[in-house]
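The structure under discussion appears below in the form of structure tokens.
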Amino acid sequence: MLVRRCLRLCSLCTRVVYSSGVRRGGWRTLVGHASVKHANRTDVPHWGRVMFKRFFHSDLGELYKNESVQVYLEQLMEEHRDLSKKLQHAYLSESDRKGLTKKHTELLPLASVFRSIEQAQKDLEEVSSLLKGLAGTKDEDEDLTQLLKEEEAQISSKILALRRDVRTQKTQLINAEVCDGPLFLHEVFSLPQLIKALIPTDPLDSSNVLLEVVSGRTTGGDICQQFTKEMFDMYQGFAFYKNWDFEVLNYTPAEYGGLHHAAARIAGENVYRHLKHEGGTHRVQRIPEVGLSSRMQRIHTGTVTVIILPQPVEFEVHIDPKDLRIDTFRSRGPGGQSVNTTDSAVRVVHLPTGITAECQQTRSQLQNRETAMRMLRARLYQGMMGKETEQRNTARKQQVGTRSQSERIRTYNFSQDRVTDHRTGYTTRDIKEFMRGGEALDDLISDILEHTEKEALLEAAENSSSLKRTESGPSAD
Amino acid sequence: MWRRSLSTSYYRCFGCRSSGPKVLWKSQAVRTCSAPALPAGRITPLQAVKLWKRRFEERGVTEPEQSSQYIIAHLLGAKTIESLEQERLTEFLSREQTEQIWKLCTTRLSRMPVQYVIEEWDFRDLTLKMRPPVFIPRPETEELVELVLNDLQMKTEMGVPAETEPTCLEVGCGSGAISLSLLKSLPQLKGVTLDQSQDAVDLTRENALRLGLEDRLEIHHIDVMKDAETLLSLIRPVTTLVSNPPYLFSEDMASLEPEILSVCFCCVLLPRFEDPAALDGGEDGLKVIKQILTLAPQILSSYGRAYLEVDPRHPPLIRQWVEGNVDGLQFKEARHDITGRPRFCILQKEEVKQGPQAGSGLRN
């Protein structure tokens, strides 16, 4: 009886998924991933197994329960309280004030979420104790109904408010342990927000990117080139879906209609954050359309390399003109008025590093040169940043997104109609829809981001707590 | 040097290099001479590109692939073949389209520059109409414009008081590339430009109208060599003087690519595409340059600058000559183009140094 009421409570706020464990009676804490879209298909809560498209990952709840994270959270809250006090009372110099205010503002969203969680927690404690008290009484139904109705109103509005702030997060579908679990309903709804506020941000996240696709090699006719074209189209579709600007910088078709390599500049909000894990080798498995293999229906494997470079703000990369060699058609002959040509291709070579960039997209040599310079800047920046990112890598992070180039990160199997990302195990079907670069791709990317951001948070938390330990050690008197 | 003026309807070739040793003496436009037959069935743009690329290669036409791609892309309404979608490129062409492609590509067979064949080309961020015999802008000249713009930009940054009305004079407008580029990038600028060729003046006017810049540009039909006085009477001193004057050495004219000066062995008359007068700078290539620089002190306002595109051999010669021959003009520096050749000269109008006998005040 109690269970059913709580069920209704839950279902009003979110869609609930049950694990098979429910059959055995009682509730079981289970936090799994599934998008709201999938939940639509299992609208009416029912007992029994529900098929997930993805495998279960460790949950946000566990993350929250993690000791390091708790400690980290406490530290940050303390810091925030300190800052608030200082800013209000202490006498500060102009620059100090600026610095502290900045830090304070950074911590503000976290603090507010934390406070709302605390409040929600209190509320829920009240409700649950009331429910407990009413359990087993005869008037149960009436009183409970009334209480629940009130609570429903409160919870709904609160959740709406909290939800509004959670952006493209997946809603957590949970079974909450009302009776004796430490994990309360409201807490869980705010968790995505909390975690989001805790995650250390990559400073490059908001940058625009330079995206390149390069066809690999295969024994299966032109499946690589064909697939390269489809990949490029997919990312173009994705840019459109996300309302980003997609500017083709280089487009080199292959002999028989596919694409050999291409490059584009994608500009918009948080482009790098979304695309940074797309870099790597993508594998395709399909039956080629022409040739012997096609007649024999034999599947071939090919690869496409995707390269994602964050595009820095112009002034960040300083290039000395003396370090550049620029090759054009005109470099070979006498140039000037004596030659007329339509060949306006430009290739720029950075002599100290050997990095090159070329462009022949437009009919104006100057415009091609500017585009090539932009590409060169991005590549140089990547080279510079490469060392830093290497240092940031930890054993944990290597599980997701930092495989070496030769290892494929994702497989697109056309015959079996599925796409699998090997870093997270995420699998999805309807490859045709996926290649449109819309919601399906967005889901996959969100999944990877959740993973990596979780890892980043854990790492930050552990680093910070170990730091505290070393600090408090010697100072303890 | 042949100096026949051309009619506006291209040229006439009294023979042509056809396959084999046969010599043809036909008085007809080249475009029908040895015109390849239209395909029997329908073809796609991609197939047309391949076909014509091969044909151009066979006939020794330079840049066979680019020629074929640019012409066909243009006919499909695009600037480059890459910007067209795959669907478009594999869609069959209509009869009219195919005929058009054949017509234009056949014209290219006569070595007419692609820019004239499709009657347009890009310069920096502009698309300009092209028409023989008006000189086709070269990529180096894009850098000349860049140079001028950077200089002017630096001036405003350094806090040099901005002219209430910055003005610019260009000698030798051609298709209008330089002036129109400057006007487009500097909304405050007003320009005057001139050319000895009526065709050039007409084309510049047309391009100015197409770009909506005609209200800021005065265009004059003046020969700077012959009508210096007329020029000086027409204008007030300007802040910027810019020019890409004919600077080739006469001896180099003969070895130009067929696109510029086509030699047909079985011909009496030479077909030519670009106006040689736009290229030939006399024996030392400095004929027109010297004239411009002689007039510069009277054209420029104080501290005004002159920017010239020249032959790589010229800068030291110009420096020397100006020092000895032009009062009030100082050679500032020579700049390189991106291929590393000294290509641009910058000169500045200074105040005239007072000589020992000079009793009069500063000359302007």
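Note on B:Met154 and B:Asp252: the model spin-label points, each 7 Å out from Cα along the C-beta direction, lie 2.6 nm apart. Pairs exceeding 23 Å between alpha-carbon atoms, taken from A:Lys86/A:Lys122; A:Lys242/A:Lys432; B:Lys129/B:Lys349; B:Lys155/B:Lys287; B:Lys226/B:Lys287; B:Lys79/B:Lys103: A:Lys86/A:Lys122; B:Lys129/B:Lys349; B:Lys155/B:Lys287. Between the amide H of A:Thr303 and those of A:Gly216, A:Arg217, A:Val284, distances stay under 5 Å, these residues lying 5 or more places away or on another chain, with hydrogens modeled in the peptide plane. Net charge in the neighbourhood of B:Leu209 (other residues with Cβ under 13 Å of its Cβ; Lys, Arg +1, Asp, Glu -1) is 0. From the alpha carbon centroid of the range A:303-379 to that of the range B:106-122 is 27 Å. Name the residues of the range B:73-89, by number, that are at least 30 Å² less accessible with every protein chain in place than in the isolated chain; the surface is that of heavy atoms, probe 1.4 Å, without ligands or nucleic acids. Buried-area filter returns B:Thr80, B:Glu82, B:Gln86.
Go through B:227-239, A:247-259 and give me the packing order, highest mean Cβ count within 10 Å leading. Show your work: numbers first, answer last.
Numbers: B:227-239: 14.7, A:247-259: 16.5.
Top of the packing list down: A:247-259, B:227-239.
Chains A and B together bury some 3000 Å² of accessible area, summed over both sides, with a 1.4 Å probe. For B:Leu241, the residues whose modelled amide H falls within less than 5 Å of its own, excluding neighbours fewer than 5 places apart on the same chain, are B:Leu169, B:Arg305, B:Ala306, B:Tyr307.
The values are calculated or read from the model by the stated rules, or taken from the named source; none is laboratory data. Since this is a predicted model, take the numbers as computed values, not measurements. Please note: Cβ atoms are built from the backbone with ideal geometry, for glycine as well, and neighbour counts cover all protein chains shown. Quick note on the areas: whole protein, heavy atoms, side chains included, nothing else; ligands and nucleic acids left out. Shrake-Rupley method; radii C 1.70, N 1.55, O 1.52, S 1.80 Å.
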